[in-house]
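**Student:** This is the structure I have questions about; it appears just below.
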Amino acid sequence: MTKPRLLSIMNGEADDFIAGLMRAGLAALEPIYAIGVRARNLSFDLGLRQAHRLARPVVSVGNLTVGGTGKTPVVCDMITRLRAMGHVPAVLLRGYGAGDEGSDEARLHAQHPAGPVPVGVNSNRMVASRTVLDAHPEVSIFLLDDAFQHRQVYRDLNVVLVDASSPYGFNHLLPRGLLREPVRSLRRADAIIVTHAEQVDQPVIERLDDEINRLSGAPPLAHMEHRWTGFRRFDDEWLPPDALAEARVAAFCGIANPQAFQRLLRQHVASVHDLAIFPDHHAYPRPDGLLQVMQTASSGAAEAILTTEKDWIKVRSVVDWSSQPVPLYRAELSLAFRDGEAEMETALQERVPPPA
């Protein structure tokens, strides 16, 4: 089953007989998942299980739902801010979709614009932290990527992201919806940031802010927008964000939130002749999956092929792009604070110990 089909079943858009049966089956499994989540959280809340301190301070960036809320760009932004404070950060992540070169996120952090960042990939973040320190004793702080539910590790600052375009995973826990735990868990957060604020109207933002305030006891600390600030060709030539506005484009992505890629694509490109959406963390082991996009481009229907930075890291060695008749570009995604940037800086300064 394709991911779009599954999402349409979860959100109720699919109303055929098979979809109804599947929703009923997923709903029957939801209470079982809920019991497990409740038992785990209760064990920590009652002190039966303890959060362990790592050998360095910890900032966690996570969310309530499965899928893309913009964690990786926010972690990249945090890396820049922590470096400005004098820290040497390292990233610890679980490593979904890890292959021979590590996960998508690990490879992306290794190419941080300000220099590579040490990355520890292990479902056990305590083990990952020791591995990183063995190789990089100069590390002064850990960033946990996607770790809100990983309560075994104590964190000095617990940041949770809420996607404005789909905040609560269709209001159901897994597997009926996309929630990893109940929305009331937002009370554990030290700071809540609303991401993808550009994708909804202001009244929607205001209602979401009220809901977050009610659920967590505090309004969101900040609102952030995702923007494309330019395009980078396969040979690293840079183009401004309006460079492809009149071009005929073929595009592909394999990310958790392809809808965000599609929205930005529509904003920057007038004509999309082919869009291929692959599963999140798609490995691209062979060029087969790209053939349709490449054939569309080489037939003259498209003047450029466009993808994400995450996907570029995986496909750059799969195809000899310099020999292709149509150039490949990757969109450079950046974050901008609509508001709350000063508050985010204050939270880091107050909650994160200075480097030793």
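**Student:** I need a count of the residues in the range 140-167 that are part of a strand (DSSP E or B) and crowded, with 22+ Cβ neighbours inside 10 Å.
**Tutor:** Residues that pass the stated criteria total 10.
**Student:** Related question: Here is a list: D201, D242, D209. Which entry is in contact with a strand residue (DSSP E or B) (Cβ under 9 Å, 6 or more places away or on another chain), farther than 19 Å from K314 by Cα and charged (D, E, K, R)?
**Tutor:** D209
**Student:** May I ask you to list the residues in the range 245-285 that are part of a loop (DSSP other than H, G, I, E, B), surrounded by fewer than 19 Cβ atoms within 10 Å (Cβ to Cβ) and in contact with a Ser or Thr (Cβ under 9 Å, 6 or more places away or on another chain)?
**Tutor:** E246, A247, P279, H281
**Student:** Please specify each residue of the range 319-349 satisfying the condition of being surrounded by 19 or more Cβ atoms within 10 Å (Cβ to Cβ) and of a type in the set (A, V, I, L, M).
**Tutor:** Once the filter is applied, which keeps residues that are surrounded by 19 or more Cβ atoms within 10 Å (Cβ to Cβ) and of a type in the set (A, V, I, L, M), the range 319-349 yields V326, L328, A331, L333, M344, L348.
**Student:** Only one of L29, L54 is surrounded by 13 or more Cβ atoms within 10 Å (Cβ to Cβ), outside any helix (DSSP H, G or I) and either out of contact with any Leu (no Cβ under 6 Å at 6 or more places or on another chain) or in contact (Cβ under 8 Å) with a residue 40 or more places away in the chain (or both). Can you tell me which?
**Tutor:** L54
**Student:** Quick one: in the range 90-112, which of the residues that are within 14 Å of the chain's Cα centre (by Cα) and assigned to a loop (DSSP other than H, G, I, E, B) is modelled with the highest pLDDT?
**Tutor:** Taking the candidates together, the pick is R94.
**Student:** Quick one: which residue in A55, A39 is of a type outside the set (D, E), more than 24 Å from the chain's Cα centre (by Cα) and farther than 21 Å from D156 by Cα?
**Tutor:** The match here is A39.
**Student:** Mind checking which pairs have a first residue in the range 149-163 that is under 20 Å from P220 (Cβ atoms) and a second that is assigned to a loop (DSSP other than H, G, I, E, B) and among the polar types (S, T, N, Q), Cβ under 8 Å, 6 or more apart or different chains?
**Tutor:** Cβ pairs passing all conditions: L161/T69; V162/T69; D163/T69; D163/N257.
**Student:** Quick test for you: out of T80, T69, T65, pick the one residue that is of a type outside the set (D, E), modelled with pLDDT under 90, under 30 Å from I212 (Cβ atoms) and outside the structural domain of A283 (by TED's automatic domain parsing).
**Tutor:** When all the criteria are applied, what remains is T69.
**Student:** Still on this model: Go through the range 151-168 and give me each residue that's under 14 Å from E181 (Cα atoms) and of a type in the set (D, E, K, R).
**Tutor:** Within the range 151-168, just R151 meets the criteria.
**Student:** Scan (1) touching a strand residue (DSSP E or B) at 6+ places or on another chain (Cβ under 8 Å); (2) more than 15 Å from V75 (Cβ to Cβ) for the single condition G120 breaks and write down its number.
**Tutor:** So the condition that G120 fails would be (2).
**Student:** Follow-up. Are any of the residues in the range 302-318 at pLDDT below 90, closer than 26 Å to A106 by Cα and exposed (fewer than 13 other Cβ atoms within 10 Å of the Cβ)?
**Tutor:** Looking through the range 302-318, at least one residue is at pLDDT below 90, closer than 26 Å to A106 by Cα and exposed (fewer than 13 other Cβ atoms within 10 Å of the Cβ).
The values are calculated or read from the model by the stated rules, or taken from the named source; none is laboratory data. Remember, predicted model here, so these are calculated numbers, not experimental data. Neighbour counts run over all protein chains shown; Cβ positions are idealised from the backbone, glycine included.
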